[in-house]
1. Go through the range 103-143 and give me each residue that's surrounded by fewer than 17 Cβ atoms within 10 Å (Cβ to Cβ) and under 20 Å from residue 154 (Cβ atoms).
2. Looking at the range 79-103 only, could you name the residues that are farther than 20 Å from residue 151 by Cα and not in a loop (DSSP other than H, G, I, E, B)?
3. Just one of the numbered conditions (1) in contact with a Leu (Cβ under 9 Å, 6 or more places away or on another chain); (2) farther than 24 Å from residue 54 by Cβ; (3) buried (at least 16 other Cβ atoms within 10 Å of the Cβ) is not true of residue 151; which one?
4. I'm checking my understanding of the structure. Among residues of the range 154-177 that are open to solvent by less than 10 Å² (accessible area, probe 1.4 Å) and not β-branched (Val, Ile, Thr), which one is farthest from residue 15 (Cα to Cα)?
5. If the requirement is being open to solvent by 100 Å² or more (accessible area, probe 1.4 Å) and touching a residue at least 40 places away in the same chain (Cβ under 8 Å), which of these qualifies: 186, 199?
6. Among 172, 139, 123, which is the only one that is under 23 Å from residue 67 (Cβ atoms) and either part of a strand (DSSP E or B) or over 10 Å from the mean Cα position of the chain (by Cα) (or both)?
7. Please identify the pairs in which a residue from the range 132-154 that is touching a residue at least 24 places away in the same chain (Cβ under 8 Å) has its Cβ atom under 7 Å from the Cβ atom of a residue that is open to solvent by 50 Å² or more (accessible area, probe 1.4 Å) and hydroxyl-bearing (Ser, Thr, Tyr), counting only partners at least 6 apart or on another chain.
Amino acid sequence: MTFLENLEKRRSIYTLGKNVDTDKAIETIKQAVRLSPTAFNSQSTPVLFLTGAAQDKLWDEIVTNELQAVMKDTPADAWEATKARIAGFKAAAGTALFFEDQDVVKGLQEQFALYADAFPFFSEQASGISSVNAWTALSDINVGANLQHYNPLIDAKVASEWNIPASWTLRSQLVFGSIEAPAGDKEIREDQGRFIEAK
């Protein structure tokens, strides 16, 4: 497949299962992150991989408990919908948690003072590039995924549970597994008003 065909194949798959080669999926994500470009070759994006009991703990305990605390005053049906969504994430084979290492960012700010204000933005771009490249690479091996953002709500509990360095800031959670149901139709915005060509 061409690169653009792989981008088209990459979709948010929400009905995921555990029928995948987890080691192959993790190695695919690692290689995608290794190959992803970063400003000044900073390689500022570490990743935590959760499978098995750790996968269950993330979704059954950490995410569920933190969300229950902030949603205590919401209607019961809203919580039931949220609970069902979390159960879908737990059913997947694993979750890759993408972080940004702020020590790397600060080091670059000190080394290249002229760009100091820009390095936090460069770091966010690195995180986005790495996570989407990993997601696309998974789709190439027919592993489904969806990208979640329960940070900063779960940051402290994740850091405590898995001894995350203090300099790592959680940015996203890439849930991955076997594709148990395809993605729905996707609307693409018209080009007019989205793209400008100047010659």
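1. Hits for the range 103-143 are 124, 128.
2. If the condition is that a residue be farther than 20 Å from residue 151 by Cα and not in a loop (DSSP other than H, G, I, E, B), then 80 is the only one that fits.
3. (2)
4. Quick first cut of the range 154-177, residues open to solvent by less than 10 Å² (accessible area, probe 1.4 Å) only: 154, 158, 170, 172-177.
Pick out the ones that are also not β-branched (Val, Ile, Thr) and you get 170, 172-174, 176-177.
Details: 170: 24, 172: 19, 173: 16, 174: 14, 176: 10, 177: 9 Å.
Taking the candidates together, the pick is 170.
5. Numbers: 199 fails: touching a residue at least 40 places away in the same chain (Cβ under 8 Å).
It is 186.
6. Details: 139 fails: under 23 Å from residue 67 (Cβ atoms); 123 fails: under 23 Å from residue 67 (Cβ atoms).
Sole residue among the options that is under 23 Å from residue 67 (Cβ atoms) and either part of a strand (DSSP E or B) or over 10 Å from the mean Cα position of the chain (by Cα) (or both): 172.
7. Hits for this filter: 146/14.
The values are calculated or read from the model by the stated rules, or taken from the named source; none is laboratory data. Since this is a predicted model, take the numbers as computed values, not measurements. Cβ: placed from backbone, ideal geometry, glycine included. Neighbour counts: every protein chain shown. Please note that ligands, DNA and RNA were not included when accessible areas were found on the heavy atoms of the full protein model with its side chains. Shrake-Rupley method; radii C 1.70, N 1.55, O 1.52, S 1.80 Å.
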